[in-house]
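Heads up: the structure comes next, in structure tokens.
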């Protein structure tokens with residue numbers, strides 16, 4: 001019975017990946033961009049390691065997790081996937097820097113010079129992005145727009161860190177269009193810094209994000225369905 005359920009879920013995941021890919025292609029065509037410019041980060045928070053293994057078997061290579069401790073429990077089962085890249089997309093406390101550096105290839109949520117230096121001190125080569133807070137929501141984390149240059153300079157002074165880009169998360173809305181000004185603002189912040197990599201857009205608004213220049217989209221629900229709280 002368990003094997004039947006696994007195979008059924010894998011079939012659904014295969015269909016979902018195809019549907020997401022079709023939307024990515026349409027958005028790229030609309031924006032005059034190439035599919036190769038977009039990295040699909042499959043968000044697997046809350047889901048078990050089996051889901052990562054199934055996604056990898058079906059061709060997914062980039063996976064996003066929100067919590068260091070949660071991914072630490074999955075890592076023994078998925079750490080051997082040779083082509084997989086694991087992204088931390090949730091807030092990182094500086095006291096968990098070393099553990100995060102051991103587990104992830106990319107930290108998308110660097111929001112201060114202090115955190116950058118702590119990650120650099122681990123001695124692990126890491127790709128990093130600066131999380132930028134563009135909304136007024138208290139629940140959102142990230143560097144303020146006027147702090148981005150300072151954080152970028154700090155990262156560029158850290159030999160173990162590679163500044164990949166900027167990341168943001170707009171306020172939630174069922175409609176994708178309200179996200180557009182936030183995506184556009186992130187692109188405007190990146191341009192004078194010579195940054196071309198932008199992580200923005202989720203299941204409900206990634207098509208708009210691609211139109212506004214996203215290079216990394218973080219998609220969970222559209223691939224794996226709604227999450228159930230543990």
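Throughout, read-outs are computed from the coordinates displayed, never taken from laboratory work. Everything numeric in this text was worked out from a predicted model, so none of it was measured. Please note: Cβ atoms are built from the backbone with ideal geometry, for glycine as well, and neighbour counts cover all protein chains shown.
Order by neighbour count: 167, 200, fewest other Cβ atoms within 10 Å first, most last.
So the residues, fewest neighbours to most, are 167, 200.
Using Cα springs under 10 Å in a Gaussian network model of the chain, which residue among 175, 102, 62 shows the largest mean-square fluctuation?
Among 175, 102, 62, the largest GNM mean-square fluctuation belongs to 175.
Taking every alpha carbon pair in region 112-173, what does the distance histogram look like in 10 angstrom bins from 0, in percent?
23, 49, 23, 5
Any idea how far apart residue 30 and residue 121 come out in nm if each label point goes 7 Å out from Cα toward Cβ?
Placing both labels 7 Å along Cα→Cβ, they lie 4.6 nm apart.
Just check the chain against the gyration tensor rule for me: Cα atoms, a ≥ b ≥ c as the square roots of the eigenvalues, rounded for a/c under 1.5, and otherwise prolate or oblate depending on whether a/b exceeds b/c. Walk me through the intermediate numbers first.
Working: a/c = 1.80, a/b = 1.20, b/c = 1.50.
Taking the square roots of the gyration eigenvalues as a ≥ b ≥ c, the chain is oblate.
Scattering from the C-alpha atoms of region 114-230 alone, worked out with Debye: what is log10 I(q)/I(0) at q = 0.10, 0.20, 0.22 1/Å?
At q = 0.10, 0.20, 0.22 Å⁻¹ the computed log10 ratios are -0.32, -1.09, -1.21.
Compute the normalised compactness of region 32-114: alpha-carbon radius of gyration over 2.2 N^0.38 Å, N being the residue count. Intermediate results must be reported in sequence, preceding the final value.
Details: Rg = 13.3 Å, N = 83, 2.2 N^0.38 = 11.8 Å.
Scaled against compact globular proteins, the figure is 1.13.
Per residue of the chain, what 222 nm ellipticity follows from adding -39500 (n - 2.57) for every DSSP H run with n ≥ 4, rounded to the nearest 500? Don't jump to the answer; show the numbers that get you there.
Working: 9 runs with 96 residues, N = 230.
So the calculated ellipticity at 222 nm is -12500 deg cm²/dmol.
Considering only 17, 210, 89, give the residue with the highest GNM mean-square fluctuation for the chain, with springs between Cα atoms whenever their separation is below 10 Å.
Fluctuation is largest for 17.
How do 183, 47 rank when sorted from fewest to most other Cβ atoms within 10 Å of their own Cβ? Could the numbers behind the result be given before it?
Working: 183 25, 47 22.
Going from sparsest to densest Cβ surroundings: 47, 183.
Could you state the orientation-averaged shadow area of the convex hull built on the Cα atoms of region 43-163, in nm² to one decimal?
Numbers: hull surface 30.4 nm².
Mean orientational projected area (region 43-163, Cα hull): 7.6 nm².
Given R₀ = 35 Å, FRET efficiency for residue 105-residue 138 by Cβ-Cβ distance, to 0.05?
0.70
Taking springs between alpha-carbon atoms closer than 10 angstrom, which of 146, 91, 105 fluctuates most in the Gaussian network model of the chain?
Maximum among the listed residues: 146.
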